[in-house]
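One structure below.
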Amino acid sequence: MKPLSVRIGGFGGQGIILTAIILGTAAVKKGNLYAVQTQSYGSEARGGECQAELIISDKPINSPTTEYKDIFVALFQSALDKYLITLKKKGTLIVDPKLVTKIPSIEANIYQVPATETAIKLGNRIAANMVVLGFLQKFIKMISKEDLREVITSMVPKKFIDINLKAFDAGVHFAEDLEITMEDIG
Amino acid sequence: MNKNIKHEGRRIKSGIHFILGNYAVVEGALAAGCNYFAGYPITPANEISELMSKRLPEVGGIFVQGEDELFSIYSVISASLAGAKSMTATASAGFNYMQEGIGYASAVEVPCVIIDVQRCRGENFATQADVMQMRWGASGDYESIVLAPSSAQELFDFTILAFNLAEEFRNPVIVMSETTIALMRERVEIPEKESIEIYKRMYTSLTPEEYLPFKAKNNSPPEFAPMGKGYHTLYTLNYRNEDGTMDWDAQGYKKLYQRITGKISENKDKICITESYFLNDADAVIIAYGSEVRPALDAIEMARNDGLKIGMLKLITVWPIHENLIKEIAKNIRRIFVVEMNIGKYAKEIERLCLPFCPVTNITKNMGIIHTKEEIYAAIKEAW
């Protein structure tokens, strides 16, 4: 397989790094693949800029970052503005329309996932990242929904497992009718 | 120590993990038998202390958050003398403070492991700028053993290796970590306990009356005596004779430091570990260490796809430097490239060895971020 590179960007407290860790953990521990995850964030507990990068491959990964990403998930306008330039031409852009309102016209497959709105309806806006993860799963074929559900269950605090899984399932549902081929990803 | 034997089973977490490089250090240390850790908070090394504070008590070890770096290094030295396998972790600015202790540990021949997660001055960005400080950062004569991991897996593997080399040569061993790999999550395979080799400390068979604490064969460390069993040794930084007394003796001083440095420099075959890539048909060779090995390997793939025959010597042991091997390589190729993340420090050492035989081109990046493969390949093409 071709290595797949993903960037998730937003602000601190959205669970951006956790989302990348869950994906990486599922890839390595369930899929027996290789993954490298890096991040950068401000010193604030909530509110500072935050982004995570993940590369998944069936072979050991040398360079820990890639210049251009196959998939970019933007969960805040400033993250989109800053990192859109690092999305591959014809790559996949996933945004939360509540938090990203201005998307320049670009050559990319753009998906709008109402993650925050869905999470609020489910009872806690903090689970928006799981909606995104459920949606993202459709694009990362080597990791199954079941594996991700297991990893979520093992990694989030007990009292939040239920809402996180519900949010994840909602994200899976949003992607259900999409027909995605590897060419669509980039 | 190790009273909680029932928890020993938690020491080695065999299996496949997706963990932070800093966590891999902790798991490696525990697998090597570490049972004492002291450290003072500093980014980007904090996750080492954080996990140690949780994991060490689980296996009956002792974790201490020191009041500063000096306490940390000296308590690690003391714990080692008392029989523990001990370690500290810090980052560049904190590593400065530890030099005095490292000099002392080298002079009195105490095994211990120091992790330096290099960072840019005052910032958490990636660098390899401490590479020369790791060699001779302290005053006085000594030789360092420094290992440079390039991944979370190697942080695990080389931390074990560091403990083993420290015990075998009775010398501090520094693991040269970097922000890049320390704060990266990666696949780490922790083997079964049985397949992890551990060097066990040997103690003297002599009685306290016969035992001379600093008597040793040429280029070898002396034998340890167990603490609290009637052997009295003064571990002083000052010159001491073989019996441990402190009368100045110029010839003895010369001999002592010949042995302390010789046990490292004359055992390079054992200590210097390298990995070679495509050296057989190489016209030019990259020399790299630490995380920079990774984009360098990708750059080699790009170069080879374009027909440029380039190979790589990856230095696992950065100090002592593998002089003979590097000279031999330089004799048979057209050019050496040194890839590093600083102003070009190790390159000067490579120049010293290689310039009589071939030109050396320095590929440096000093911007708080690792090279991309494209940057390395562009520099190769420019000099080719």
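Key figures for this structure:
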{"read-out": "Hey, A:ILE85 β-branched (Val, Ile, Thr), without any contact (Cβ under 8 Å) to a residue 12 or more places away in the chain and either within 14 Å of another protein chain (Cβ to nearest Cβ) or surrounded by fewer than 22 Cβ atoms within 10 Å (Cβ to Cβ) (or both) or not", "value": "yes"}
{"read-out": "Residue match in segment B:194-208 (condition: away from chain A (no Cβ under 14 Å) and assigned to a helix (DSSP H, G or I))", "value": "yes"}
{"read-out": "When residues of segment B:230-272 are limited to those that are touching a Leu at 6+ places or on another chain (Cβ under 8 Å) and of a type in the set (A, V, I, L, M, F, W, C), the one farthest from B:LEU161 (Cα to Cα)", "value": "B:MET246"}
{"read-out": "Subset of segment B:79-108 (residues that are assigned to a helix (DSSP H, G or I), among the polar types (S, T, N, Q) and closer than 20 Å to B:PRO41 by Cα)", "value": "B:SER92, B:ASN96, B:GLN99"}
{"read-out": "Qualifying position, being part of a strand (DSSP E or B) and touching a Leu at 6+ places or on another chain (Cβ under 6 Å), among A:GLN37, A:GLN51", "value": "A:GLN37"}
{"read-out": "Residue among A:PRO64, A:PRO3 that is facing another protein chain (nearest Cβ under 10 Å), in contact (Cβ under 8 Å) with a residue 24 or more places away in the chain and more than 24 Å from A:PRO97 (Cα to Cα)", "value": "A:PRO64"}
{"read-out": "Hits in segment B:275-320 (condition: under 20 Å from B:MET341 (Cβ atoms), aliphatic (A, V, I, L, M) and part of a strand (DSSP E or B))", "value": "B:VAL285, B:ILE286, B:ILE287, B:ALA288, B:ILE310, B:MET312, B:LEU313, B:LEU315, B:VAL318"}
{"read-out": "Selection within segment B:235-274 - in a loop (DSSP other than H, G, I, E, B), over 27 Å from the mean Cα position of the chain (by Cα) and among the hydrophobic types (A, V, I, L, M, F, W, C)", "value": "B:MET246, B:TRP248"}
{"read-out": "Options B:ALA91, B:ALA45, B:ALA24; residue that is among the small types (Gly, Ala, Ser), in the same structural domain as B:ALA162 (by TED's automatic domain parsing), surrounded by 24 or more Cβ atoms within 10 Å (Cβ to Cβ) and touching a Lys or Arg at 6+ places or on another chain (Cβ under 6 Å)", "value": "B:ALA91"}
{"read-out": "Positions within segment A:37-48 being touching a strand residue (DSSP E or B) at 6+ places or on another chain (Cβ under 7 Å), within 14 Å of chain B (Cβ to nearest Cβ) and more than 12 Å from B:ILE19 (Cα to Cα), in sequence order", "value": "A:GLN39, A:SER40, A:TYR41, A:GLY42, A:GLY48"}
{"read-out": "Tabulated pairs, segment B:77-98, first within 18 Å of B:TYR23 (Cα to Cα) and in contact (Cβ under 8 Å) with a residue 24 or more places away in the chain, second surrounded by fewer than 24 Cβ atoms within 10 Å (Cβ to Cβ) and of a type in the set (Val, Ile, Thr), C-beta under 6 angstrom, 6+ apart or interchain", "value": "B:THR90/B:ILE42; B:ALA91/B:ILE42"}
{"read-out": "Residue in segment B:350-384 that is farthest from B:THR127 (Cα to Cα), counting only those that are among the acidic types (Asp, Glu) and in contact with a helix residue (DSSP H, G or I) (Cβ under 9 Å, 6 or more places away or on another chain)", "value": "B:GLU374"}
{"read-out": "Cβ-Cβ under 6 Å pairs, at least 6 apart or on other chains, segment A:24-36 side facing chain B (nearest Cβ under 7 Å), far side among the charged types (D, E, K, R)", "value": "A:GLY24/B:ARG185; A:VAL28/B:ARG187; A:TYR34/B:ARG187; A:VAL36/B:GLU186"}
{"read-out": "Tally, over segment B:283-296, of residues that are away from chain A (no Cβ under 14 Å) and buried (at least 23 other Cβ atoms within 10 Å of the Cβ)", "value": "3"}
{"read-out": "Segments classed as helices (runs of 4 or more DSSP H), wholly inside segment A:106-176, with at least 2 members that are closer than 24 Å to A:PRO3 by Cα", "value": "A:128-136, A:145-155, A:161-175"}
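Each row is one residue, and each column tells you yes or no for (1) assigned by TED's automatic domain parsing to the domain that holds B:SER177; (2) farther than 17 Å from B:VAL360 by Cβ; (3) free of Cβ contacts under 8 Å to residues at least 40 places away in the same chain; (4) not hydrophobic (A, V, I, L, M, F, W, C).
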position: B:THR261; (1), (2), (3), (4): no, yes, no, yes
position: B:ILE286; (1), (2), (3), (4): no, no, no, no
position: B:ASP298; (1), (2), (3), (4): no, yes, no, yes
position: B:LEU313; (1), (2), (3), (4): no, no, yes, no
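The values are calculated or read from the model by the stated rules, or taken from the named source; none is laboratory data. Keep in mind that this is a model prediction, so the values were computed, not measured. Here Cβ is always computed from backbone atoms with ideal geometry, including for glycine, and neighbour counts include all displayed protein chains.
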